[in-house]
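**Q** The structure under discussion is supplied below as structure tokens; questions concerning it will follow.
The values are calculated or read from the model by the stated rules, or taken from the named source; none is laboratory data. Predicted, not measured: the structure shown is a model, and the values here were computed from it. For neighbour counting, all protein chains shown are included, and Cβ atoms are generated from backbone atoms with ideal geometry for every residue, glycine included.
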Amino acid sequence: MPAFRIGNEHTLTVDQIEPQGLASARLPEGTLYIHGGAVPGDTLRVRVARKSRRMFEAEILEVVEKSPLRVDPRCRYFGHCGGCKRQNLLYSAQLDLKRQAVEDAFARHRIEVPGGVPTPLAAARLYEYRNKMEFSFGARRWLTDWEIASGEPMRKDFALGLHLPLHFDRVVDLHECHLPPPPAQAVVNGLRALALEHGYAPWNTKTHEGYLRHLGLRLPARTSDVLVNLVTSSHDPQRIDTIAAFLRRDVPAVTTFVNTIHSGLAQVAIGQSQSVVFGSGSVVDRIGPHEFRIGPSSFFQTNTEQAERLYELALEFADLTQDDLVYDLFSGVGTITLFVSGHAKRVLGLELDAEAVHHARQNADRNGVTNVAFESGDIAEKLNHDLVRKYGEPDVVIVDPPRAGLHPKVVQSLGAMRPRRLVYVSCNPESQAKDIAALAPAFTLARVAPVDLFPHTDHVENVALLLAKTVPF
Ligand SMILES: C[S@@+](CC[C@H](N)C(=O)[O-])C[C@H]1O[C@@H](n2cnc3c(N)ncnc32)[C@H](O)[C@@H]1O
């Protein structure tokens, strides 16, 4: 057992960032995990603060010597808000971490990656890349150390911003956020001032009182549309009129305003009823040659430019011919289906969410794409002989499942169908590696390529190409 003592101080050099996100240093006494944004190569004076689940955790007392990998974070809320915790790490080192995360996931499942795992495709924009944000109103504001030190009087009962990590009732009152493009900040700061002026109370998660709950924003990368979705606890036409008049007058970039009423207790930005106050109630973004209409709750990749890179890779891996029948599993609003449609004979999109399927069909119509079809239902049930009888055996299958990965039934059906190529797009390399190990009797892994859609976070997307084996499954 390591011989650390709570309260002891150590001077150490940080070795690495562990897969679970904490920095660590190996000392003769054992491994010490360090909070507070430590960067590999930093020399730090730390104090052992606690022991949890057999791990000793330390807090930084002083940065003795900065690592060459350390950079100044752009945001003054760095370290408080949970938005982007790698902002103080050089971008190339962030990419190395993500590459390592993919490599480690595949190694844990004993999968050899032919050619190794390359460095993720870098994002061209490191800030202002998000086309969607969800801010929260809170009745318990989290004050930063520099806000407290300023000595200025501050309201603690109102905040509009993002949550403190792991504390869903504490909100950091953000006066700047560099993830979305600038109109977002104008809306956030303007609405805060308006709410304070008129005494509109934020939702209190303890007493279940208050009016303002969440502020959803859609800011597409390729059009100048801006959607504001204000989630409130009740229907109050007078207040909504006041807010609408303010948005029209003071933030003219806003093209549409939606009010969602959510009176339930759960702290999620999903509402019970939605009404369009002005504008179309949706925005338009473009990926490749196609336009997509996106509502307040539709799933759409949050980094448009990097999503396009991701889909380009999927298309390259699919190596389609004009005779191919493609199944796009977990097709959402049909983004990948449409993206590959010009390169194949026919594409079938399969998706659980009936509303997303409805939008996918509309998106196909809007773009004049006629060689696609969409079915709604659970893929674990839908991917069967009846589907193959109706549409034919797929030559190529593309899957893009949620974080949990593929249901065992889906793994089995894919093995039985054995398309020539299986392209696996994933937002979670761990479940992807597990599924690829399970698919090994039927497919050989040929290549992987990660893509960075979320600079300054630990999230990474990974595309894998699997080729059908010729021996029977
Ligand atoms: C990561 S998103 C991918 C969406 C789309 N490919 C894109 O890039 O925009 C995963 C999608 O899988 C859908 N989904 C989740 N579980 C499913 C299931 N069991 N059967 C079918 N679709 C499912 C979700 O509704 C979501 O649209």
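**Q** Do you know which residues across segment 194-229 are in contact with a Phe, Trp or Tyr (Cβ under 9 Å, 6 or more places away or on another chain) and either farther than 17 Å from Val171 by Cα or part of a helix (DSSP H, G or I) (or both)?
**A** Leu194, Ala195, Leu196, Leu217, Arg218, Pro220, Ala221, Leu227, Val228, Asn229
**Q** Follow-up. Condition check: more than 23 Å from Asn462 (Cβ to Cβ) and among the small types (Gly, Ala, Ser). Does Ala380 satisfy that?
**A** No; evaluated as a whole, the condition is false for this residue.
**Q** Continuing with the same structure: Which residue, of Leu310, Leu350, Leu315, is buried (at least 18 other Cβ atoms within 10 Å of the Cβ) and more than 10 Å from the ligand (Cβ to nearest atom)?
**A** Leu315
**Q** Moving to a separate point now. When Arg76 is evaluated against the numbered criteria (1) over 20 Å from the mean Cα position of the chain (by Cα); (2) at pLDDT 95 or above; (3) in a loop (DSSP other than H, G, I, E, B), which criterion, by number, is the only one it fails?
**A** Unmet for Arg76, out of (1) over 20 Å from the mean Cα position of the chain (by Cα); (2) at pLDDT 95 or above; (3) in a loop (DSSP other than H, G, I, E, B): (2).
**Q** Suppose we keep only residues that are assigned to a loop (DSSP other than H, G, I, E, B) and out of contact with any helix residue (DSSP H, G or I) (no Cβ under 9 Å at 6 or more places or on another chain) within segment 129-150. Which one would you say is nearest to Ser233 (Cα to Cα)?
**A** Selected residue: Ala139.
Condition check ((1) out of contact with any Asp or Glu (no Cβ under 6 Å at 6 or more places or on another chain); (2) over 25 Å from Arg125 (Cβ atoms); (3) touching a residue at least 24 places away in the same chain (Cβ under 8 Å)) across all residues:
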{"position": "Pro183", "(1), (2), (3)": "yes, no, yes"}
{"position": "Leu196", "(1), (2), (3)": "yes, yes, yes"}
{"position": "Gly199", "(1), (2), (3)": "yes, yes, no"}
{"position": "Thr205", "(1), (2), (3)": "no, yes, yes"}
{"position": "His208", "(1), (2), (3)": "yes, yes, yes"}
{"position": "Leu212", "(1), (2), (3)": "yes, yes, yes"}
{"position": "Gly216", "(1), (2), (3)": "no, no, yes"}
{"position": "Ser224", "(1), (2), (3)": "yes, no, yes"}
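**Q** Filter segment 123-158 for residues that are of a type in the set (A, V, I, L, M, F, W, C) and buried (at least 16 other Cβ atoms within 10 Å of the Cβ) and give the result.
**A** Ala123, Leu126, Met133, Phe135, Phe137, Ala139, Trp142, Leu143, Phe158, listed by residue number.
**Q** Kindly check whether there is at least one residue in segment 91-104 that is surrounded by 18 or more Cβ atoms within 10 Å (Cβ to Cβ), assigned by TED's automatic domain parsing to the domain that holds Pro455, in contact with a helix residue (DSSP H, G or I) (Cβ under 8 Å, 6 or more places away or on another chain) and not basic (Lys, Arg).
**A** yes
**Q** Among the residues of segment 319-343, count how many are within 16 Å of the ligand (Cβ to nearest atom), closer than 19 Å to Glu308 by Cβ and more than 21 Å from the chain's Cα centre (by Cα).
**A** Selection size over segment 319-343: 4.
**Q** I'd like to know if segment 80-87 contains one or more residues that are hydrophobic (A, V, I, L, M, F, W, C), at pLDDT below 95, within 26 Å of the chain's Cα centre (by Cα) and in a loop (DSSP other than H, G, I, E, B).
**A** Yes, some residue in segment 80-87 is hydrophobic (A, V, I, L, M, F, W, C), at pLDDT below 95, within 26 Å of the chain's Cα centre (by Cα) and in a loop (DSSP other than H, G, I, E, B).
**Q** Tell me, which residue of segment 368-385 that is more than 15 Å from the ligand (Cβ to nearest atom) and either of a type in the set (S, T, N, Q) or within 22 Å of the chain's Cα centre (by Cα) (or both) is nearest to Gly295 (Cα to Cα)?
**A** Filtering segment 368-385 for residues that are more than 15 Å from the ligand (Cβ to nearest atom) and either of a type in the set (S, T, N, Q) or within 22 Å of the chain's Cα centre (by Cα) (or both), the one nearest to Gly295 (Cα to Cα) comes out as Thr370.
**Q** Looking at this structure, is Glu355 within 12 Å of the ligand (Cβ to nearest atom) and surrounded by fewer than 23 Cβ atoms within 10 Å (Cβ to Cβ)?
**A** yes
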